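Only the coordinates and a few stated rules stand behind these numbers; no lab work does. Just so it is clear, the model here is predicted, and its values are computed rather than measured. We place every Cβ from the backbone using ideal geometry, glycine too, and count neighbours over all the protein chains shown.
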Amino acid sequence: MGKVILIASGKGGTGKTMFAVNFAATLANCGKRTVVLDMDLGLRNLDLYLGLENNVVYDVYDVMTGLCKIKQALIPDKRFENLYFMAASPNREEGMLTPLHMKVLCRRLAEKFDYVLIDSPSGIDDNLVLASAGADEAIIITNPEYAALRDADALDREFLKLGINKRWAVLNKVIADMINRGFAPSLQEVSSLIRAPLAGVIQFDENIHISTCLGIPIVLKDDTYIRENFINIANRIIEEKEEEVGLK
Ligand SMILES: Nc1ncnc2c1ncn2[C@@H]1O[C@H](COP(=O)(O)OP(=O)(O)O)[C@@H](O)[C@H]1O
Ligand SMILES: [Mg+2]
């Protein structure tokens with residue numbers, strides 16, 4: 001059985017979708033069969049960040065309501081051998097999708113894939129309960145600002161209530177100069193404000209922003225510090241020490 005990992009944040013715009021796309025691409029590049037699901041049902045944009053918006057026929061909603069088979073909604077990303085994506089529905093009929101639907105879908109996907117990644121909506125509400133229903137683990141994406149860190153910790157507590165005990169935090173959009181000048185919390189301060197262990201730090205880099213606008217995962221580019229960083233983060237999260245050398 002594969003692992004189901006939710007990618008979430010308390011505050012919006014912290015970089016969940018950017019992380020989901022590049023984490024998925026990193027795992028796929030290393031031979032892990034990976035699927036990434038867009039569960040940000042109202043505000044989907046995973047399709048755009050992957051540049052696959054024109055390939056969507058069926059979506060998560062169609063699968064969960066039985067309109068199509070799982071296979072029909074799995075969109076292959078042809079740039080990778082092992083990467084698939086399932087789109088969110090633009091029009092969600094409230095109440096039609098239940099956590100049980102989600103749990104069953106995750107279990108079925110985990111039979112076929114090594115990693116099932118879920119791009120979650122921001123915040124702590126029913127949408128989070130739905131998105132997290134089948135998750136084994138969670139990665140909280142946060143930023144070096146007090147509001148985002150407080151929200152990350154509130155989300156972390158919610159995960160414990162939901163029974164998701166294995167959590168990670170990723171600090172995104174870090175600007176070293178801001179920390180040095182005392183305008184952003186230091187890494188020690190960040191670690192003291194959130195309980196989930198830090199799996200990594202991602203710098204604020206305009207190339208990351210450009211890549212999401214172009215629909216090209218930044219890790220597709222060889223020999224960059226960003227790609228190297230994603231490999232290190234992935235190694236920490238998947239914890240398969242004996243396979244670490246495989247993640248290159
Ligand atoms: N490390 C980064 N450096 C620069 N821009 C980033 C970085 N991470 C995310 N962004 C940009 O921030 C915006 C929000 O990111 P996104 O992944 O859509 O957030 P979320 O899914 O959490 O709402 C996007 O425009 C994205 O390109
Ligand atoms: Mg998003």
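Miscellaneous remarks
- Computed over the alpha-carbon atoms, the stretch 74-160 gives an Rg to Rh ratio of 1.00, Rh here being the Kirkwood radius from the mean inverse distance.
- Relative pair counts by distance (%), Cα atoms of the stretch 1-119, 5 Å bins: 2, 12, 24, 27, 22, 11, 3, 0
- Debye log10 I(q)/I(0) at q = 0.20, 0.22, 0.27 Å⁻¹ for the stretch 134-195, Cα point scatterers: -0.72, -0.83, -1.12
- Based on C-alpha pairs under 8 angstrom that are at least 6 apart in sequence, the chain has a relative contact order of 27 percent.
- Cβ-derived FRET efficiency at R0 30 Å, Lys112 paired with Asp205, nearest 0.05: 0.35
- Amide H within-cut-off set for Val4, under 5 Å, with H built and near neighbours excluded: Val116, Asp136, Glu137
- Restriction of the GluC sites (Glu not before Pro) in the stretch 1-101 to DSSP coil positions whose beta-carbon has at most 16 other beta-carbons within 10 angstrom yields Glu81, Glu93, Glu94.
- Exposure proxy for Cys106, Cys30, Cys68: other Cβ atoms within 10 Å of each Cβ, ordered fewest to most, give Cys68, Cys30, Cys106.
- Once backbone amide H atoms are built at 1.01 Å from N, Tyr84 has Thr34, Val35, Val36, Asp77 as its partners under 5 Å, excluding neighbours fewer than 5 places away on the same chain.
- Per-residue Karplus couplings for the stretch 181-196, computed as 6.51 cos²θ - 1.76 cosθ + 1.60 with θ equal to phi - 60°, are listed in order as 8, x, 8, 9, x, 6, 5, 4, 5, 4, 4, 7, 8, 10, 7, 5 Hz, Gly and Pro entered as x.
- Which of Phe23, Phe183, Phe204 has the fewest Cβ neighbours within 10 Å, and the rest in rising order: Phe183, Phe204, Phe23
- Helix-only CD estimate at 222 nm, as mean residue ellipticity for the chain, using -39500 (n - 2.57) per DSSP H run (n ≥ 4): -11000 deg cm²/dmol
- Dipole-positive endmost among Leu155, Val219, Asn180 within the chain (Cβ charges, Cα centre): Leu155
- Hydrodynamic radius of the chain per Kirkwood, over alpha carbon pairs, in Å: 18.0 Å
- For the stretch 119-248, the spread of Cα positions along each principal axis, largest first, Å: 41, 39, 31
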